[in-house]
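Colleague: One structure, as structure tokens, below. Some questions next.
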Amino acid sequence: MVGVVIFRKWYNSSTQKGVRGEARVHKVLARLPEDYHLLEDIVLKTKRGTTQIDHVVVSKFGVFLIETKNYRGDIYGSDNRKEWTQIIPTYVKFGNSKTYTYITKNRLYNPVKQSFLHLYEIKNNFDEYPNLKVIPIVVFVGDADLSHVESNIQLYTNRNL
């Protein structure tokens, strides 16, 4: 029984959820035509250390930087906030009695800010191409509701994929 508990913790860890989310996006991107070039798990040096980009798609239309998030629940945020909030309601009913609602609230680093860091670093690394079109995209692959997010960049959910 201990092995099952350890596996469940590993399988539900944030790292493994991220890996599964990135794999879902990879399946979609792998279907792009041959003239699109897909790069994944790109690590760039920055002044503060490194930054990792989940997916980069290079095409004649530009370079698409795709940040994948595997979240569920209601997401609240905007482009200028440092952190966003994830709220997950859980409803528990005991027998025929009253239903209780438990709320889990988590903070996550603003993925738009993360995408703009990626954009900035790509532009810095390719400064000899000042007209290079770079498009940041954030994809939420979990069952997330983004209706409470205000953003000027393209955000996708399962409904868009």
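The values are calculated or read from the model by the stated rules, or taken from the named source; none is laboratory data. What you are looking at is a predicted structure, and each value in this text was computed from that prediction instead of being measured. Here the Cβ is made from the backbone with ideal geometry for all residues, glycine too, and neighbour counts use every protein chain on show. Note: areas computed on protein heavy atoms with side chains; ligands, DNA, RNA excluded. Shrake-Rupley method; radii C 1.70, N 1.55, O 1.52, S 1.80 Å.
Colleague: At 222 nm, what helix-only mean residue ellipticity would the chain give, in deg cm²/dmol to the nearest 500, using -39500 (n - 2.57) for each DSSP H run of four or more?
Modeller: Rounded to the nearest 500, it is -8000 deg cm²/dmol.
Colleague: To test your reading of the geometry: what angle, between 0 and 90 degrees and rounded to tens, separates the Cα axis of helix 14-29 from the longest principal axis of the chain?
Modeller: Helix 14-29 sits at roughly 50 degrees to that axis.
Colleague: So what is the relative contact order of the chain, in percent, for Cα pairs below 8 Å that sit 6 or more residues apart?
Modeller: The value is 22 percent.
Colleague: Name the residue, out of Leu117, Leu44, Leu146, whose mean-square fluctuation peaks in a Gaussian network model built on the chain with Cα pairs under 10 Å.
Modeller: The residue that fluctuates most here is Leu44.
Colleague: Sort Arg20, Arg48 from largest to smallest accessible area, using a 1.4 Å probe on the heavy atoms of the protein chains.
Modeller: Final ranking, largest accessible area leading: Arg48, Arg20.
Colleague: Please give me the summed charge of the neighbours of Ile88: other residues whose Cβ is under 9 Å from its Cβ, Lys and Arg +1, Asp and Glu -1.
Modeller: +1
Colleague: Among Phe140, Tyr71, Ile42, flag the residue with its Cα farthest along the positive direction of the charge dipole of the chain, charges on Cβ as +1 for Lys/Arg and -1 for Asp/Glu.
Modeller: Final value for the positive-end residue is Tyr71.
Colleague: Where the only charges are on Cβ atoms (+1 Lys, Arg; -1 Asp, Glu), what is the dipole of region 29-103 about its Cα centre, to the nearest 20 debye?
Modeller: Around 420 debye, computed over region 29-103.
Colleague: Let me ask something else. For the chain, set up a Gaussian network in which alpha carbons nearer than 10 Å are linked by springs, and say which option among Lys82, Lys105, Lys93 fluctuates the most.
Modeller: Looking only at Lys82, Lys105, Lys93, the biggest GNM fluctuation is shown by Lys93.
Colleague: Under a straight-distance cross-link criterion of Cα-Cα below 25 Å, which lysines are reachable from Lys123, leaving out those fewer than 8 residues away in the same chain?
Modeller: Those lysines meeting the cut-off are Lys45, Lys47, Lys60, Lys69, Lys82, Lys113, Lys133.
Colleague: If you count only protein heavy atoms and use a 1.4 Å probe, how large is the accessible surface of Ile87, to the nearest 10 Å²?
Modeller: 40 Å²
Colleague: Shifting gears a bit: What is the dipole size for the chain, taken about its Cα centre, with +1 at each Lys and Arg Cβ and -1 at each Asp and Glu Cβ, in debye to the nearest 20?
Modeller: Approximately 740 debye in magnitude.
Colleague: Could I ask something else about it? Defining a contact as two alpha carbons under 8 Å apart and six or more residues distant in sequence, what relative contact order in percent does region 71-161 show?
Modeller: 33 percent.
Colleague: Once you have the Kirkwood Rh of region 63-161 from its Cα pairs, apply Stokes-Einstein at 25 °C and 0.890 mPa s and quote D in µm²/s.
Modeller: In µm²/s, the coefficient rounds to 161.
Colleague: Who wins for biggest fluctuation among Asn80, Asn96, Asn124 in a Gaussian network model of the chain, springs between alpha carbons below 10 Å?
Modeller: Among Asn80, Asn96, Asn124, the largest GNM mean-square fluctuation belongs to Asn96.
Colleague: How do Arg81, Arg31, Arg107, Arg24 stack up against each other in accessible area, from largest to smallest, with a 1.4 angstrom probe?
Modeller: The ordering from most to least exposed comes out as Arg31, Arg107, Arg24, Arg81.
Colleague: First select every other residue whose beta carbon is under 14 angstrom from the beta carbon of Val112; then total the charges, Lys and Arg +1, Asp and Glu -1.
Modeller: My count for the surroundings of Val112 gives 0.
Colleague: I've got another one for you. Kindly report the accessible area of the chain per residue (heavy atoms of protein chains, probe 1.4 Å, no ligands, DNA or RNA), in Å².
Modeller: Per-residue value: 67 Å².
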